[in-house]
Amino acid sequence: MYNPYSLKGKTILVTGASSGIGKAIAIECSKLGATVIILGRDKSRLNETLNQILTPNSQQFCIDLTNYEEVNSLIFSMPKLDGIVNSAGIGSTILFQFASIEKIKNIFDVNFFAPVEFTRLLLKSKKINKNGSIVFLSSIDGPINAHIGNSSYSASKAALAAVSKSLAVELATKGIRVNYLMPGQTETPLIHNDSITEEQLKIDISKYPMGRYGRPEEIAYGAIYFLSDASSFTTGSGLVIDGGFTLQ
Amino acid sequence: MEVKNFIENFAAQFDQTDASQFSFDTKFRDLEEWSSIIALSVMAMIDEEYDIQLKGDEMRNSNTIEELFNMVNSKL
C-alpha cells in the first residue's frame with residue numbers, strides 16, 4: 001500500500017519512552033513498521049511501553065540520560081539508527097524570583113544538556129545513518145509564547161529549538177535532517193502534578209480553541225512526519241501542534 | 001518555626017500591602033493585592049524557607065496565615 005509516512009525498515013530511538021509523549025511516539029512508530037529502541041528511567045513503565053510495541057527486535061534500555069558515562073557506554077553498543085526522538089523532559093513551575101541557578105540548572109540538565117549531549121555522542125560515533133532524522137521535543141512555551149512561572153522551562157525549550165536549527169544547517173550536507181515539535185498542553189502525567197489543581201487545569205483547557213488539550217498520539221504523528229521520508233526536504237522546521245492555542 | 005518570622009516572610013511576597021496589615025488571623029484572600037501569582041510566590045517562599053512543598057490544593061484550602069502556618073508546621 002502506498003504510504004509515504006511508513007517507517008518500515010527504519011530503526012528509531014525514542015528517549016523518555018516510559019510515559020507521556022515519548023511513549024506514544026514509540027508505540028506509533030512501531031505501528032508504522034519501525035524497529036524501536038526505547039530509553040527511559042523507570043524500568044517497569046518502560047516494560048509496559050515495550051509490551052505495546054509490536055515490531056520484533058525492538059529493545060529497551062533503562063538509563064538516566066544525565067549520567068554521561070552510562071550514556072557513552074550505551075551508545076557504543078547501539079545499532080545504526082535512522083531516526084532519534086529526544087522526548088525526555090521535565091516540567092517545572094517556578095516564579096522567576098525563586099528560580100535559583102541551581103533550580104535552572106536542574107531543568108537544563110534534563111531538558112537541554114542531556115538531549116544535546118546524547119545527540120552529539122550519537123553523531124560523533126556515526127550511529128546516525130545518512131538520510132536520518134533527528135527530532136527534538138520543544139514546546140510552544142519559549143519559542144512562541146509564555147506562561148507565568150515557566151521562565152526556566154521555556155528557556156530550555158527555546159534553547160532546543162535554536163540548537164535544532166543550527167544543527168540542521170550543519171548536518172544538511174550529510175543528509176541528516178533536524179526538526180523540532182512544539183506541542184501545546186498535552187494530556188500526559190507531566191501536567192497532572194501537585195502544584196496545579198484540577199480546577200486550574202480546567203480553566204486552562206477552556207483557553208484552547210478546540211476545547212481540549214492534545215492527546216499524546218497527536219504529537220506522535222508530528223514526530224512520524226519528521227521521521228518518515230515524507231519530510232525528506234524538511235529540516236530546521238518547528239511544527240506547532242496546539243489546537244490553535246497560539247493563534248490567539 | 002517562628003510565627004513572627006513566618007508572617008514577615010508571608011508579607012514579603014506583597015508589594016503594595018503594608019506589613020502592618022498582616023497578622024496571624026489575616027484572611028489573605030480578602031486583601032486587594034491577593035492574586036494567583038502571589039499564591040505561587042507564597043508556595044515558593046515556603047519551599048525556599050522551610051523546605052516544604054505545598055500542594056496546589058493545600059494552598060487553595062488555606063484562608064488565614066494561621067491555617068497556612070499550621071499546615072507548614074505539621075509537615076516540618
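Identify all residues within the range A:211-248 that are over 23 Å from A:Lys165 (Cα atoms) and not in a helix (DSSP H, G or I); write none if there are none.
Selection gives A:Gly211, A:Arg212, A:Tyr213, A:Gly214, A:Arg215, A:Gly243, A:Gly244, A:Gln248.
Looking for something touching a Ser or Thr at 6+ places or on another chain (Cβ under 7 Å), in contact (Cβ under 8 Å) with a residue 24 or more places away in the chain and under 23 Å from B:Met59 (Cα atoms) - is there at least one such residue anywhere in the range A:197-214? Can you show your working first?
Quick first cut of the range A:197-214, residues touching a Ser or Thr at 6+ places or on another chain (Cβ under 7 Å) only: A:213-214.
In the following step, the residues that additionally are in contact (Cβ under 8 Å) with a residue 24 or more places away in the chain were identified as A:213-214.
From what is left, the residues that are under 23 Å from B:Met59 (Cα atoms) are none.
The answer is no, given that none of the residues of the range A:197-214 is touching a Ser or Thr at 6+ places or on another chain (Cβ under 7 Å), in contact (Cβ under 8 Å) with a residue 24 or more places away in the chain and under 23 Å from B:Met59 (Cα atoms).
Quickly run through the range B:24-68 and pick out the residues that are at the interface with chain A (Cβ under 8 Å from one of its Cβ atoms) and basic (Lys, Arg).
B:Lys55, B:Arg60
If I filter the range A:167-201 down to residues being surrounded by fewer than 18 Cβ atoms within 10 Å (Cβ to Cβ) and among the small types (Gly, Ala, Ser), which single residue comes out as farthest from the other protein chains (Cβ to nearest Cβ)?
Checking each candidate, the answer is A:Gly175.
Looking at A:Leu65, A:Leu54, can you tell me which residue is on the phi < 0 side of the Ramachandran plot, surrounded by fewer than 22 Cβ atoms within 10 Å (Cβ to Cβ) and either aliphatic (A, V, I, L, M) or part of a loop (DSSP other than H, G, I, E, B) (or both)?
On the way: A:Leu65 fails: surrounded by fewer than 22 Cβ atoms within 10 Å (Cβ to Cβ).
None of the other options fit; the residue is A:Leu54.
Could you tell me whether any residue of the range A:38-50 is closer than 20 Å to A:Lys124 by Cα and touching a residue at least 12 places away in the same chain (Cβ under 8 Å)?
Within the range A:38-50, the first condition is being closer than 20 Å to A:Lys124 by Cα, and the residues that meet it are A:39.
Next cut, touching a residue at least 12 places away in the same chain (Cβ under 8 Å) only: A:39.
Within the range A:38-50, one or more residues are closer than 20 Å to A:Lys124 by Cα and touching a residue at least 12 places away in the same chain (Cβ under 8 Å).
Name the residue, out of A:Ala17, A:Ala24, that is in contact (Cβ under 8 Å) with a residue 40 or more places away in the chain and in contact with a Lys or Arg (Cβ under 6 Å, 6 or more places away or on another chain). Give the derivation first.
On the way: A:Ala24 fails: in contact with a Lys or Arg (Cβ under 6 Å, 6 or more places away or on another chain).
Checking each option against the conditions leaves just A:Ala17.
Within the range A:129-179, can you find the residues that are in contact with a Ser or Thr (Cβ under 8 Å, 6 or more places away or on another chain), more than 18 Å from A:Phe245 (Cα to Cα) and of a type outside the set (A, V, I, L, M, F, W, C)?
A:Asn131, A:Ser133, A:Gly149, A:Ser152, A:Tyr153, A:Ser164, A:Arg177, A:Asn179 - these are the residues of the range A:129-179 that are in contact with a Ser or Thr (Cβ under 8 Å, 6 or more places away or on another chain), more than 18 Å from A:Phe245 (Cα to Cα) and of a type outside the set (A, V, I, L, M, F, W, C).
Going by what's in this entry, would A:Lys80 be described as touching a residue at least 60 places away in the same chain (Cβ under 8 Å), more than 21 Å from A:Ser18 (Cβ to Cβ) and among the basic types (Lys, Arg)? So that I can check it myself, show each step before the final result.
Values: touching a residue at least 60 places away in the same chain (Cβ under 8 Å): yes; more than 21 Å from A:Ser18 (Cβ to Cβ): yes; among the basic types (Lys, Arg): yes.
Considered against the rule, which asks whether it is touching a residue at least 60 places away in the same chain (Cβ under 8 Å), more than 21 Å from A:Ser18 (Cβ to Cβ) and among the basic types (Lys, Arg), A:Lys80 comes out as yes.
Out of A:Ala146, A:Ala88, A:Ala162, report the one residue that is of a type in the set (Gly, Ala, Ser) and in contact (Cβ under 8 Å) with a residue 12 or more places away in the chain.
Result of the check over A:Ala146, A:Ala88, A:Ala162: A:Ala88.
Laboratory data are not the source of any read-out in this text; all were calculated from the coordinates shown. Bear in mind that the values here come from a model prediction, so they are computed numbers and not experimental data. Cβ atoms come from the backbone with ideal geometry, glycine included; neighbour counts cover every protein chain shown.
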